[in-house]
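Beneath this line is the structure, given in structure tokens, with notes to follow.
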Amino acid sequence: MQNPYGHFTNDITGDRETPSQSGLFGQSLNSPLGYTRSFPSLTSNNDNFKANQQPSIPLPEPRLPWNNINQVSNPLMVTPLPGLHKNVPKTTKKKLPKVSKKIPNSSSTIPNKLVSNSTAVGKSAFGSTSGWKAGVDDSAELERRKRRAERFSKGPSATTNSNDNLNEDFANLNAISSKSHKYDKKIHVVGRCQTLEKSYLRLTSEPNPDLIRPPNILQKTYCLLMEKYQSKAATYTYLCDQFKSMRQDLRVQMIENSFTIKVYQTHARIALENGDLGEFNQCQNRIMALFENFTIPKKSYSEFICYSILYSMLTEDYPAISQLKLKLMDDNASEILGDEHVKMIFELSNMKLVGNYHYFMKSYLKLHKFEKCLINSFLNLEKLKFLTVICKSYNQINLDFIKSEFSFTSIDETINFLSEQNLNDFIATKQISDANGKMKDVKILNTKGCRVQLIQNFMKFKKIDIKGQK
């Protein structure tokens, strides 16, 4: 018999059994401390070992998941108290109707099933089927569901309209094509359009040869546009639209020759003259790519190298200028690198980088017409930057000095520039004596008082947002 303390007692008297062997201190030699019954020896058989071994301690109950609300787990990891789980209310789960994933091949039975399913769901959710029946009974709704089911089915009905989709209407260049991935863009297209003037439309589908002009028609269009440009009979908006249309026809037909680069160069110059830096940048990138074609003569190559340097100065992309110079050295373009005008443009970029406004403004007077058009887009910002440097160096400065340094033609032009920067209050008249000792009035600028205003103006115009930047 086993008592709660783990000792064995006599079944009749209830007394504790005496140990079979005792050591020097009255304890059993075959049992640990606190136990009176000896452990079975190793020489005993298996039956005696099973009969005399200590009872097994019950293992703790395994943890139950917290999301199981129908069972209660004891935090002490023992058997839960009887009857405790009976008080826990059981939540009833609503069974949702099963939706079969199989779609029958026959399209005639689909509308009836859809009507029955939708009606059943409508009854269970809303208790009324008036709104559902009105939508399902509509013939257009049934036809739409039928087409949708056919699209996902594997039967022959899914390919009934496949041949109709191949017959696309290419008359509208803005039409969205769903099969653009099947067209090979490397196939040469030969245009058949005989119209000289055509507006630019962005291609969103396969190009239609009937709407593309061949090279001989494009040459006539170029002559027509140049006549209108030189006689100033057309606006820049019209010329830009026509040149973009010509560029598109050349690009679609993959025409890369001297006429192609002539069209791009002319459009780039006209864009510079009208201050359209976005279109100029697009033409400039395409021109530099066409120069990589060895079959095209590099006409006006040095001119557009200078444009590329000046545009990088505008965007403050000085690593691009260094890469361009290294590329010219790798190509052994000694004629380009030896050109005095190209050298001056490279030196101009260095002077802008280090802030040498004196050399920068003196070199500005040596630039060509279209180069000045490009640099004028950021010249006022550079003048403002240089004026800030002057104001930090002097307490007051004569306006004649600003006129000579900034290459203004007169004092009035200098005052107009300072008025644009809100510096009218800092212009004063002072009498000084000349070399002959005569007193004369001189316009001066209080540079010490206008420093804060100049810094604010410079930070305001520091960010430039240009359409078409790369």
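The values are calculated or read from the model by the stated rules, or taken from the named source; none is laboratory data. This one's a predicted model, so the numbers in the text were calculated from it and none came from an experiment. Don't worry about glycine lacking a Cβ; one is built from the backbone with ideal geometry, like all the others, and counts go over all protein chains shown. When the accessible area is computed, the model is the full protein with side chains, heavy atoms only, and any ligands, DNA or RNA have been set aside. Shrake-Rupley method; radii C 1.70, N 1.55, O 1.52, S 1.80 Å.
Tallying residues that are over 30 Å from the mean Cα position of the chain (by Cα), of a type outside the set (S, T, N, Q) and open to solvent by 20 Å² or more (accessible area, probe 1.4 Å) within region 253-274 yields 6.
Is it true that residue 277 is touching a Leu at 6+ places or on another chain (Cβ under 8 Å) and open to solvent by 20 Å² or more (accessible area, probe 1.4 Å)? Judged against the criteria, residue 277 is a match. Listed by first and then second residue, the pairs linking a residue in region 398-417 that is more than 16 Å from residue 365 (Cα to Cα) and free of Cβ contacts under 8 Å to residues at least 12 places away in the same chain to a residue that is part of a helix (DSSP H, G or I) and open to solvent by 50 Å² or more (accessible area, probe 1.4 Å), with Cβ atoms under 9 Å apart and 6 or more places separating them unless they lie on different chains, are 413/403.
Under the condition of being in contact with a Leu (Cβ under 6 Å, 6 or more places away or on another chain) and not β-branched (Val, Ile, Thr), the residues counted in region 388-398 number 1.
Every residue, every condition in (1) at pLDDT below 85; (2) under 17 Å from residue 427 (Cβ atoms); (3) crowded, with 19+ Cβ neighbours inside 10 Å, yes or no:
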| residue | (1), (2), (3) |
| --- | --- |
| 371 | no, no, yes |
| 382 | no, no, no |
| 389 | no, no, no |
| 392 | no, no, no |
| 396 | no, yes, no |
| 403 | no, yes, yes |
| 407 | no, no, no |
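For the structure I just gave you, tell me whether residue 321 is more than 31 Å from the chain's Cα centre (by Cα), surrounded by 15 or more Cβ atoms within 10 Å (Cβ to Cβ) and β-branched (Val, Ile, Thr). Considered against the rule, which asks whether it is more than 31 Å from the chain's Cα centre (by Cα), surrounded by 15 or more Cβ atoms within 10 Å (Cβ to Cβ) and β-branched (Val, Ile, Thr), residue 321 comes out as no.
Taking helices (runs of 4 or more DSSP H) that fall entirely within region 146-259, which contain at least 1 residues that are modelled with pLDDT of 85 or more? Lay out the reasoning, then the answer.
Details: elements: 162-166, 215-230, 236-252.
So the answer is 215-230, 236-252.
So which of 423, 353, 365 ends up being open to solvent by less than 70 Å² (accessible area, probe 1.4 Å) and either aliphatic (A, V, I, L, M) or under 42 Å from the mean Cα position of the chain (by Cα) (or both)?
Only one candidate passes the filter, namely 423.
When the residues of region 312-321 are narrowed to those that are assigned to a helix (DSSP H, G or I) and hydroxyl-bearing (Ser, Thr, Tyr), which ends up farthest from residue 301 (Cα to Cα)? The selected residue is 318. Of the numbered conditions (1) open to solvent by less than 40 Å² (accessible area, probe 1.4 Å); (2) of a type outside the set (Asp, Glu); (3) modelled with pLDDT of 90 or more; (4) touching a Leu at 6+ places or on another chain (Cβ under 8 Å), residue 444 satisfies every one except a single condition; which is it? Status for residue 444: all satisfied but (3). Please work out if residue 239 is among the aliphatic types (A, V, I, L, M), open to solvent by less than 20 Å² (accessible area, probe 1.4 Å) and farther than 25 Å from residue 373 by Cβ. So residue 239 does not fit the description; no.
Take the residues of region 306-318 that are touching a residue at least 12 places away in the same chain (Cβ under 8 Å) and open to solvent by 30 Å² or more (accessible area, probe 1.4 Å): which is nearest to residue 382 (Cα to Cα)? Only one residue fits best here, namely 315. Residues in region 304-332 that are closer than 22 Å to residue 366 by Cβ and among the hydrophobic types (A, V, I, L, M, F, W, C): 304, 305, 306, 309, 310, 313, 314, 321, 324, 328.
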